[in-house]
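Take a look at the structure set out below.
Derivation of every value follows stated rules applied to the coordinates shown; laboratory data play no part. In this text, all values refer to a predicted model and were calculated from it rather than measured experimentally. No Cβ is skipped: glycine too gets one built from the backbone with ideal geometry, and neighbour counts run over all protein chains shown.
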Amino acid sequence: MEQQFPFLPRHLAIIMDGNGRWAQARGLKRVDGHRAGADNVRVIVTECRRLGIPYLTLYAFSSENWKRPPAEVAALFSLLLDFLGTEVARMEREGIRLMVLGDVEGLPLAQRTALKHAMKRTAQGRDMTLNLALNYGGREEIVRAARRMAEAGLPPEQYTEARFADFLYTQGQPDPDLLVRTSGELRLSNYLLYQCAYSEFYFTPVAWPDFGVDALHEALRAYAGRSRRFGQTQEQVNGC
């Protein structure tokens, strides 16, 4: 671990916000902002792996994003195919496992097929897990988990928080230690509602395309300065 970070999150979650506003501020089309945002995904994934952050979750497309103009949705999914086409081989080579949080079956055929191929190809990655939240909604995930738990026929005494977590998309992964949202918005937007119960939040006015390595380091330094007590007193955390 680098000296500038006394400790790092095991799981970093990011709401990648501001692509459209970034583009509009520069007189560009919204799709240009999304393209710049996709380029920045490569930058942040690479740096998180270099630092040794084992889990990274990126909010790529929410279930509410279907309400956007059809041309913009089509552009987003085209960029997803481009990303998979250029990055899967590198992820496989560098030990990065790709997973999808969300309703994969509700995605267009080409993207669904490419994602399943990418997940299968990178399944043996052990250095880092990259979660893409696609066609994802936090409330829907909780309802889905409750339905699957009921369908499993579990007796009431097994309805525990730990058992419930086994039915979430993030099964087997630690909850996010740090949630970052770019572009100045101060809300969760239906993102990892169950998993972020004790996450540290970090909000920055920097739009996602400009959230590079330096901005990431600033967020990680802020996280390292937090005191995570999980309902305990500071004395209990310190073992006093």
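Annotation: amide H-H contacts under 5 Å for Asn131 (H modelled 1.01 Å from N, sequence separation of 5 or more, or interchain): Leu56, Thr57, Leu58, Met99. One entry in (1) 125; (2) 142; (3) 151 is volume of the Cα convex hull per residue in Å³ calculated from the shown coordinates; its label is (2).
Counting other Cβ atoms within 10 Å as a rough exposure proxy, the listed residues Leu56, Leu81 run Leu81, Leu56 from fewest neighbours to most. Bridging of Lys120 to aspartates and glutamates at a Cα separation below 16 Å is possible for Glu87, Glu92, Glu94, Glu105, once same-chain residues fewer than 8 apart are set aside. Ignoring aspartates and glutamates fewer than eight residues from Lys29 along the same chain, the ones with Cα atoms less than 15 angstrom from its Cα are Glu72. Once both labels are positioned 7 Å from their Cα atoms along Cα-to-Cβ, the gap between Thr160 and Leu109 label points is 4.6 nm.
Go ahead and set up a Gaussian network model of the chain, Cα springs under 10 Å, then flag whichever of Gly153, Gly85, Gly212 fluctuates most. Its mean-square fluctuation being the largest, the pick is Gly153. Other residues with beta-carbon under 13 Å from the beta-carbon of Val41 carry, at +1 per Lys or Arg and -1 per Asp or Glu, a net charge of 0.
Take the Cα of Asp127, step 7 Å toward its Cβ, do the same at Leu186, and the gap between the two points is 3.9 nm.
Across the range 128-141, coupling constants 3J(HN,Hα) worked out from phi with the 6.51/-1.76/1.60 Karplus curve, θ = phi - 60°, read 6, 10, 9, 9, 9, 7, 10, 6, 10, x, x, 5, 4, 4 Hz, and Gly and Pro carry x.
Distance from the C-alpha centroid of the range 1-52 to that of the range 139-169: 32 Å, rounded to the whole angstrom.
Can you check how the C-alpha radius of gyration of the range 27-150 compares to 2.2 N^0.38 Å, as a plain ratio?
That works out to 1.09 for the range 27-150.
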